[in-house]
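Below is one structure; the comments refer to it alone.
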Number of protein chains: 2
Amino acid sequence: MELIKDISSMEDCCREKKLKGKKIGFVPTMGALHKGHLSLIQKARDDCDFLVVSIFVNPAQFGPGEDFEEYPRDLSKDTKLCQRQGVDVIFIPLKNKMYPKGFSTWIQVEGKLTSSLEASSRSGHFRGVATIVAKLFNIILPDYSYFGEKDYQQALVLKKMVKELNIDTQIILMPTIREKDGLACSSRNNRLTFEERKAAQVLHESLMLAKREIQNGKDDPSSIISSMVNLIRGKDFAKLDYIAVVNPENLEAVKKIKGKVLIVLAVHIGKIRLIDNMTI
Amino acid sequence: MELIKDISSMEDCCREKKLKGKKIGFVPTMGALHKGHLSLIQKARDDCDFLVVSIFVNPAQFGPGEDFEEYPRDLSKDTKLCQRQGVDVIFIPLKNKMYPKGFSTWIQVEGKLTSSLEASSRSGHFRGVATIVAKLFNIILPDYSYFGEKDYQQALVLKKMVKELNIDTQIILMPTIREKDGLACSSRNNRLTFEERKAAQVLHESLMLAKREIQNGKDDPSSIISSMVNLIRGKDFAKLDYIAVVNPENLEAVKKIKGKVLIVLAVHIGKIRLIDNMTI
């Protein structure tokens, strides 16, 4: 396994593989790898000839007052995990090479998709995500790129960007991986205290409650949301950011439940903001 | 020579060439080809193995009230010219395939470069240019892409975009081609009446006047600009939009002339807006 920091070296390496007709797989990450990332890496390893994992904590997708500085970083552990999974290259570009002085080119997916839910709470977040992912796609030229369903809205934004800018990669979306108690794997989970970690179960619990209610025939989103809100309010440390019952295609709010819906939520547990979702 | 309308067919064609190690050259145009375009095509033909010319009048770079509908179109003449120059493929995508319903992904190069000069007069113009050119780059994957110096500001914007988004193409800038009387070749020249066509000489005349004054030792931009303004004011049909004496690297206004400067101007001749520039 190779560790590449330099952007030009990474480009040259991928162009050479491409010319040889190798299928390039790409898993973009912010490091602090967990079981969710590993499931993406395993799938990519199965699908592709040449596998690149990027580790880059992208400042442009963090707003002011968010946890860019505190975001967990553990390169030596990440390196071992990647080695064990048969990753070919870890790409760890420097911040001032990805965003050199005077950088001002941004990709914005406009419209409802990037103005609701996560975007309401994290202004500029998706502009930062779209721009860094497009840059990484241009450097790595992946045939397939892998993302997790936990960041569902992000995946829809990136799929739209790839389609509308005619980027030549196929986005593969993989199911959310969960801890034993149902908590969705996230690099931020490590930052929870013991008590908070227990409280964090409530995201998944509330989704399961919604699932039961829908399966029992409830079709009124506002009633389901209020059951979830009540459950979350009862927990110490937990402070709701948003819950919504939406159409999984376009994330627009659903008025009456029939067919598939997506329930998405964000909850602060102490100082840590967690998100989760479930298609029902 | 092949004529391709379908985006996927164009992508497949270029990917195949790429895999064979062919160097792809690309000249993006809005059609109504003139000697300026032909000089780009000839250079690209010399440099590359496989040469694509796109013809697409890009609605996104025209503002409301601009001449999108009136922009000259002559596909049969363009086709003959390309054939004669040894072009391999003319790519003529449909508007509703390039911008399908709900399209909302835009690339914006922010900052002074896209808020001055052409941008002051044509709001949203460079957002439209950057987005369509990035899309075409993603479809055609050119090793080299060719642009004319007449659209100097556009070239700087695109160079910045390519660098900052890590797009794998090299932008080649070619000198402005002029008619016998000095008027810069432009598809819009054909829309001038006989009298307007004569008046249009004033853009080049005023640049030559500025050149003489600078060569005679004048170093005050405002004095040079007022000589140019006086010359233009004296012409029937001509109405000045802007003149500026700027640094050719970043298009920032120059306070005192020493070393290379770029003089840029835009003038309405009747209903037609023309631009020109000269490095002195």
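Couple of notes before you dig in:
- Values of log10 I(q)/I(0), in the order q = 0.11, 0.20, 0.22, 0.23 Å⁻¹, for segment A:66-179 under a Debye, Cα-only, solvent-free model: -0.43, -1.48, -1.59, -1.60
- Global form of segment A:122-280, assessed from the alpha-carbon gyration tensor, a/c cut-off 1.5: oblate
- Accessible surface area normalised per residue over the protein assembly as shown is 45 Å², counting heavy atoms of protein chains with a 1.4 Å rolling probe.
- Globularity index of segment B:178-228, i.e. its alpha-carbon radius of gyration over 2.2 N^0.38 Å: 1.34
- Nearest-first distances (nm) between copies at B:Lys20, label 7 Å from Cα via Cβ: 2.3
- Other-copy label distances relative to B:Asp47, 7 angstrom Cα-Cβ extension, nm: 3.5
- Within 10 Å of each Cβ in B:134-144, the average number of Cβ atoms from other chains: 3
- Accessible surface buried upon B-A contact (total; probe 1.4 Å; Å², nearest 100): 2300
- For the rotational copy pair B/A, the chain B residue whose Cβ lies nearest the symmetry axis, together with its distance in Å, is B:Ile107, 3.
- Sparse-neighbourhood loop sites, trypsin sites (Lys or Arg not before Pro) in segment A:93-123 - DSSP loop, at most 14 other Cβ within 10 angstrom: A:Lys101
- Peptide B:110-120 is shielded by partner chain Cβ atoms: per residue, an average of 1 of them sit within 10 Å of its Cβ.
- Semi-axes of the equivalent ellipsoid of segment A:29-90 are 24, 12, 9 Å, computed as sqrt(5λ) over the eigenvalues of the C-alpha gyration tensor in descending order.
- Candidates per GluC sites (Glu not before Pro) in segment A:1-69, loop by DSSP, up to 16 other Cβ within 10 Å: A:Glu66, A:Glu69
- For segment B:1-129, averaging the sequence separation of C-alpha pairs within contact (under 8 Å, six or more residues apart) and dividing by the residue count gives a relative contact order of 32 percent.
- With a Förster radius of 56 Å applied to the C-beta separation of A:Lys112 and B:Gln215, the computed FRET efficiency comes to 0.45.
- Cβ-vector label at 7 Å, A:Gly102, separations to other copies in nm: 4.0
- Segment B:192-274: relative contact order in percent, alpha carbon pairs under 8 Å with at least 6 residues between: 31
- Available extension along the chain between B:Leu3 and B:Asp241 is 81.9 nm, counting 0.36 nm per residue and deducting the alpha carbon span.
- The relative contact order of chain B comes to 17 percent, based on Cα pairs under 8 Å that sit 6 or more residues apart.
- Exercise: per-residue mean of other protein chain Cβ atoms within 10 Å, A:164-174: 4
- Calculated [222 nm] ellipticity per residue, helices only, for the protein assembly as shown: -11500 deg cm²/dmol; basis is -39500 (n - 2.57) per DSSP H run with n ≥ 4, divided by all residues, nearest 500.
- Long-range amide H partners of A:Leu274 with built H, under 5 Å: A:Val267, A:His268, A:Ile269
- Taking the 1.4 Å solvent-accessible surface of the protein assembly as shown as the whole, the part contributed by carbon and sulfur is 49%.
- Quarter the surface of the alpha carbon convex hull of the protein assembly as shown and you get the mean projected area, 28.8 square nanometres.
- Taking all Cα-Cα distances within segment A:192-274, those exceeding 18 Å account for 41%.
- Scanning chain A for long hydrophobic helices, with DSSP H runs required to stretch 20 angstrom or more by C-alpha along their axis and to average at least 0.5 on the Kyte-Doolittle scale, returns A:125-140.
- Size of chain A: Rg and Dmax of its alpha carbons, in Å, are 19.2, 58.
- Where only C-alpha atoms are counted, convex hull volume of segment A:148-241 per residue in Å³: 143
- Pair-distance profile P(r), taking every C-alpha pair of segment A:112-164, with 5 angstrom steps and integer %: 4, 19, 30, 27, 13, 6, 1
The values are calculated or read from the model by the stated rules, or taken from the named source; none is laboratory data. Since the model is a prediction, treat every value here as computed from it, not as a measurement. Please note: Cβ atoms are built from the backbone with ideal geometry, for glycine as well, and neighbour counts cover all protein chains shown. These accessible areas exclude ligands, DNA and RNA; they are computed on the full protein's heavy atoms, side chains included. Shrake-Rupley method; radii C 1.70, N 1.55, O 1.52, S 1.80 Å.
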